[in-house]
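See below for the structure under consideration.
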Protein chains: 2
Amino acid sequence: MKDVKIGLLGCGTVGTGVAKILYENKDLIRSRVGAGLFLKHVADLDMETDRGIRFEEGVFISDAFQVVDDPEIDIVIEMIGGETIAKELILKAIDNGKHVVTANKALLASSGNEIFRAAAKKGVDIAFEASVGGCMPIIKTIRESLVGNRIKAMTGILNGTCNYILSKITDTGISFKKALEKAQDSGFAEADPTLDVEGFDTAHKLTILSSLAYGMELNLKDIYVEGISNITPMDIEFAKQFGYRIKLLAISKYSENFVEARVHPAMIPAGNLLSNVNGSLNAVSVTGDAVGDIILYGHGAGMMPTASAVVGDTVDIARNLMLGISNRIPSLSYQVEHIRTIPVKPIEEIDNHYYFRFSALDRPGVLSKISGILGDLGISLKSVHQKGRESRGPVPIVMLTHIAKEANVRKAFDQISKLDVMSDAPVLIRIEDEE
Amino acid sequence: MKDVKIGLLGCGTVGTGVAKILYENKDLIRSRVGAGLFLKHVADLDMETDRGIRFEEGVFISDAFQVVDDPEIDIVIEMIGGETIAKELILKAIDNGKHVVTANKALLASSGNEIFRAAAKKGVDIAFEASVGGCMPIIKTIRESLVGNRIKAMTGILNGTCNYILSKITDTGISFKKALEKAQDSGFAEADPTLDVEGFDTAHKLTILSSLAYGMELNLKDIYVEGISNITPMDIEFAKQFGYRIKLLAISKYSENFVEARVHPAMIPAGNLLSNVNGSLNAVSVTGDAVGDIILYGHGAGMMPTASAVVGDTVDIARNLMLGISNRIPSLSYQVEHIRTIPVKPIEEIDNHYYFRFSALDRPGVLSKISGILGDLGISLKSVHQKGRESRGPVPIVMLTHIAKEANVRKAFDQISKLDVMSDAPVLIRIEDEE
C-alpha cells in the first residue's frame, strides 16, 4: 500500500504537535494502519521559528494555496484557525476533491452548513474531532458508538481557560481579574481572552455537538451565551456552603420539537463528577435512551492532546482512502436528507432552579419587598439566607428557588433592581440539579 | 441500499436489549446509517419467556446453528456467553464468511488468538466493544481515536459487581459478605459471584485492553489476579484516614520489553477521579504519549447500556458492508504481522507502595520484630500507626511503605506470619499513588 499524502496548513502550536506525532510515531502508526502517513507539505508564513522538528528539504513552504492545489495531496489538515483564509482554503481543498481535517470550531459553528454541503456535493470527508473537547473522542462517540441511541441531553465543561479560572477562584478566593491574570501568565488564557471567558468558544462547541446529537442544522446564533467575568469569590463561597461548585457549562437538551442549547455559569452538586473536573481539563456527559449517562474526560486543549485527535481523524480518512471509499459516516452524524432545522428554545422559556444574590441596604422591610415581587411572579423560594450586618455596608441576601421560568425571573430582577434599597446589581446563577 | 441482515444468537438480558434497540430505534438508525438493520432471526432455546418484544412470525427460532448457516445473514451477534457453544457458533459463522459481534470477554480472553486468526484468514470482522466496560467506547477509543499515541498505561474499574460491593462497604461499614448479599438482592451480583468478586472478569477485560493498546497477543494466563473477598471494613476505614479509597483495579503499564498487567484491590487517592466512580459504574483511564490522560466513564453492564455498544459495533460493520469493504481496522488494533508476544512482568518483580495491617498481641517488642524483618528486606516505611489497646484482643498495626519490591514484601510476610505474637494473617493492599 502506498503512503497517504498529507498537507498541513498552519504550523502553530497544534500544527506543530501534528507534525511531531506524524514524525515521531511514524512506525507506530504504520504498524496500526498498514500504510504510512506522509507529510508532503507544511505551509506557514512564519518560516523562521524553530519548531523542534527537522523537516526535510522542500517540505516547509509559505504558500498554503500551493498545498490545496497540489494534485498529489490526499488529505489537507487545516490548523490556521480564524474564519477568513481558513474558510477559503478549506473550500478550495474540497473543490479540489481533497478530504479535510480541521479543529476550527469557530468556522464550523458559523459556516459549517455551507462547508458540509460543499463536501457532500464533492463526496469528500470533513473530520473535526479536535474542534470539541481537544483529545476527547466526543464526536466519534456521538456519531459512531451511540448511533443506536436517542440522545436526550449533553452537559459539558468545554473551555479549559474558564475552568482554570473558576478552579483558581474556588481554590484561592482571588477575584476573576486576578485569576485571569494568573491564567494568562501560565499560558491558559490568550492576551485577548474574550472568546473564552465570555463563553463564545463554548458556544461554538455546543453548536457542533447539538447538531451531531440531534440531527439539526448548525445554529450558533440562537444559543444563549453568558460568560464567567461576573462570577465573584463570594458567589463561589455561597455555592460551596450549599454543596455546589460553579462551572461554565454547555447545556443541551432535546425535546420533540425543540432543543435547549445554552452556555452559562451554573451551580452543580459537589458530588457530581463534573464538579471534580478541575484546572484546564474538560469533560462532557452525554445522556442517551439506551446508554444512560456516559462521561468523557481529558485535556480540552494544548499542543499534543489536540494533535492526538487530529491524527486520529487523519488516520480515519487514510483508512478510507486505502479502501477506495469515502463518506462512510455522514459528517454531521445524520444522512443529509434527515438533517432538520430544529428551533432552539429561547432562554426566557427555560425552567430552572436559581441562585439569587441581592445586595441591599440593611433596612426594615427589604426582604418583604423582594420576596413580594418574586411571589407575585410565581417564583417560589426553597431557602433564604440573610446574614446580620457586620459592617455598615450593604448585606447580601441569598435565595435558592424551586423551578421557575426564566422570563419571570427576569421580570422580577427588573423590578427588584429598581428598589431604592438595592445597592448593587442583583446576581443570578442557574442551578443544574436533578431534584 | 438494501437492508443489512442480522442474526442474533441468545436472547437473554443483553440480547433482548439489542433486539429492543433494533426495533424501537429503527428509524433513527436508518436516518443515521442510510440503510436499515433488519433482524432476520433471533435464536434462543427459551422460546417461552415474554421479552416485551413482538417478534414477527418466523423471526424467533430455537436453533442457533440455523442462523449461522443462513446464507442471507450478513452479521451474527453472539450474546450466548460461555466458552463452549458460543465458540463453536462464532467459528462456524466466521467460516461461513459472516461478520461477528460479541460481548464475550471470557471467550475472547481465552480463545481470542484463535478466533481473530480465523477471522483474519476469512477476511471478516469481529467487533467486541461491549466486552469491556459495557457502554463505554474504550475499544474504539484505543483502536481509532488514540491511533497516533504510544499508550503507556491504563487503569480501570471494570467490574460493576465489585465496585458496587466496595462502595457499599465504604458507605455503610458492612462486611464483604453482607455487601455481597445486598448486591445479589439488587441484581448487581450473580448467584455464583466468583467470576466477578475474585477478579477473573476484570482480568478478561484487561487481557483484551492490553492486547489492543500494546499490540501484544492476548495473554490471560500471565495476568496476576486477586479479588476483593478479603477486603474488610477496617481496611476501608484506615484507607479513608490516609486519604485513599479502595477499588478493584485493572492496571496495565507498558515498558520497552514487557508489560505490567494485574488485577487487585488498590488504594487510590480520594481526589483521583476514579475514586469517585461509585456503585455499579465503571471507568477507565488511558495514558498516551500525546493525549496525556483521558478517562471514560459509564455503565459497565446492564441490558440497555451493553446493548448500546453492541448496536454501535453492528452499525460499524453494516457501514462497511454497504461500501463492500471489510477489515478496515484490524481487530486487535495492530496489523496482524505487528502483533508480538510481549512478556507480562511477574507480580514478584513489581515495585509498589504498600499498605500493611498486622494483627498482633499487645506485647513489648512486637513492632521492633516486624520492622526489623521489613528493614532487613529493604522495605522502608513511610508511616506506622499503632493504636493503644482498647480491649484485651489483638491490636492492629498499620504501615504504609515507600516503593518496595513485591518479592521482598512476600518474603517479609512469610517471616512475619511465623512470629508467635501474630494473631491473624497479615493484610497487604497495594497503593497506586504517584509521589
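The values are calculated or read from the model by the stated rules, or taken from the named source; none is laboratory data. From a predicted model like this one, the values you see are computed outputs, not experimental measurements. Neighbour counts are summed over all protein chains in view; Cβ atoms, including those assigned to glycine, are modelled from backbone coordinates with ideal geometry.
Things worth noting here:
- Residues satisfying the stated conditions in the stretch A:31-51, i.e. within 14 Å of chain B (Cβ to nearest Cβ) and of a type in the set (Val, Ile, Thr): A:VAL33
- Test: A:LEU218 is closer than 22 Å to A:LEU146 by Cα and not in a helix (DSSP H, G or I): yes
- Scanning the stretch A:5-25 for residues that are away from chain B (no Cβ under 12 Å) and aliphatic (A, V, I, L, M) turns up A:ILE6, A:LEU8, A:LEU9.
- The strands (runs of 3 or more DSSP E) falling completely within the stretch B:291-410 that include 1 or more residues that are of a type in the set (Val, Ile, Thr), in contact with a His (Cβ under 6 Å, 6 or more places away or on another chain) and not assigned by TED's automatic domain parsing to the domain that holds B:SER280 map to B:395-401.
- Verdict on B:GLU348 being away from every other protein chain (no Cβ under 14 Å), acidic (Asp, Glu) and either in contact with a helix residue (DSSP H, G or I) (Cβ under 9 Å, 6 or more places away or on another chain) or within 30 Å of A:ALA290 (Cα to Cα) (or both): yes
- In summary, A:SER211 fulfils each of the numbered conditions (1) part of a helix (DSSP H, G or I); (2) in contact with a Leu (Cβ under 6 Å, 6 or more places away or on another chain); (3) away from chain B (no Cβ under 14 Å) with the single exception of condition (3).
- Count of the stretch B:198-207 residues, restricted to those that are among the hydrophobic types (A, V, I, L, M, F, W, C) and surrounded by fewer than 23 Cβ atoms within 10 Å (Cβ to Cβ), is 1.
- Residue that is farthest from B:THR161 (Cα to Cα), among those in the stretch B:221-231 that are touching a helix residue (DSSP H, G or I) at 6+ places or on another chain (Cβ under 7 Å) and in a loop (DSSP other than H, G, I, E, B): B:ILE223
- Only listed residue being under 21 Å from A:ASP69 (Cβ atoms), of a type in the set (A, V, I, L, M) and exposed (fewer than 15 other Cβ atoms within 10 Å of the Cβ), chosen from A:LEU45, A:LEU8: A:LEU45
- Members of the stretch B:401-410 that are under 20 Å from B:ASN230 (Cα atoms) and surrounded by fewer than 19 Cβ atoms within 10 Å (Cβ to Cβ): B:ARG410
- The lone exception for A:LEU28 - which of (1) crowded, with 24+ Cβ neighbours inside 10 Å; (2) within 14 Å of chain B (Cβ to nearest Cβ) it fails: (1)
- Residue within the stretch A:276-290 that is more than 13 Å from chain B (Cβ to nearest Cβ), part of a strand (DSSP E or B), surrounded by 24 or more Cβ atoms within 10 Å (Cβ to Cβ) and in contact (Cβ under 8 Å) with a residue 60 or more places away in the chain present: no
- Failed criterion for B:SER252 (all others in (1) in contact (Cβ under 8 Å) with a residue 60 or more places away in the chain; (2) farther than 19 Å from B:ALA109 by Cβ; (3) assigned to a strand (DSSP E or B) hold): (2)
- The condition of being under 22 Å from the mean Cα position of the chain (by Cα), within 14 Å of chain A (Cβ to nearest Cβ), under 30 Å from B:LYS40 (Cα atoms) and in contact (Cβ under 8 Å) with a residue 24 or more places away in the chain holds for only one of B:SER326, B:SER331, that being B:SER331.
- The listed residues are B:GLU337, B:GLU348, and the only one of them that is exposed (fewer than 15 other Cβ atoms within 10 Å of the Cβ) and within 30 Å of B:LEU146 (Cβ to Cβ) turns out to be B:GLU337.
- Search result, residues across the stretch A:28-44 that are under 22 Å from A:GLU72 (Cα atoms) and free of Cβ contacts under 8 Å to residues at least 40 places away in the same chain: A:ARG30, A:GLY36, A:PHE38, A:LEU39, A:LYS40, A:HIS41, A:VAL42, A:ALA43, A:ASP44
- Test: residue in the stretch A:126-137 that is surrounded by fewer than 24 Cβ atoms within 10 Å (Cβ to Cβ), closer than 30 Å to B:LEU37 by Cβ and not basic (Lys, Arg): yes
- Screening the stretch B:255-275 for residues that are within 14 Å of chain A (Cβ to nearest Cβ) and touching a residue at least 60 places away in the same chain (Cβ under 8 Å) and picking the one that is surrounded by the most Cβ atoms within 10 Å (Cβ to Cβ) gives B:ILE268.
- In the stretch B:291-323, the residues that are touching a helix residue (DSSP H, G or I) at 6+ places or on another chain (Cβ under 9 Å), of a type in the set (Val, Ile, Thr) and more than 7 Å from every other protein chain (Cβ to nearest Cβ): B:THR306, B:VAL310, B:THR314
- Test: B:GLU129 is within 15 Å of B:VAL311 (Cα to Cα), at pLDDT 95 or above and not polar (S, T, N, Q): yes
- Any hit, the stretch B:243-251, residues being more than 11 Å from every other protein chain (Cβ to nearest Cβ), of a type in the set (A, V, I, L, M, F, W, C), more than 30 Å from B:VAL100 (Cα to Cα) and surrounded by fewer than 20 Cβ atoms within 10 Å (Cβ to Cβ): no
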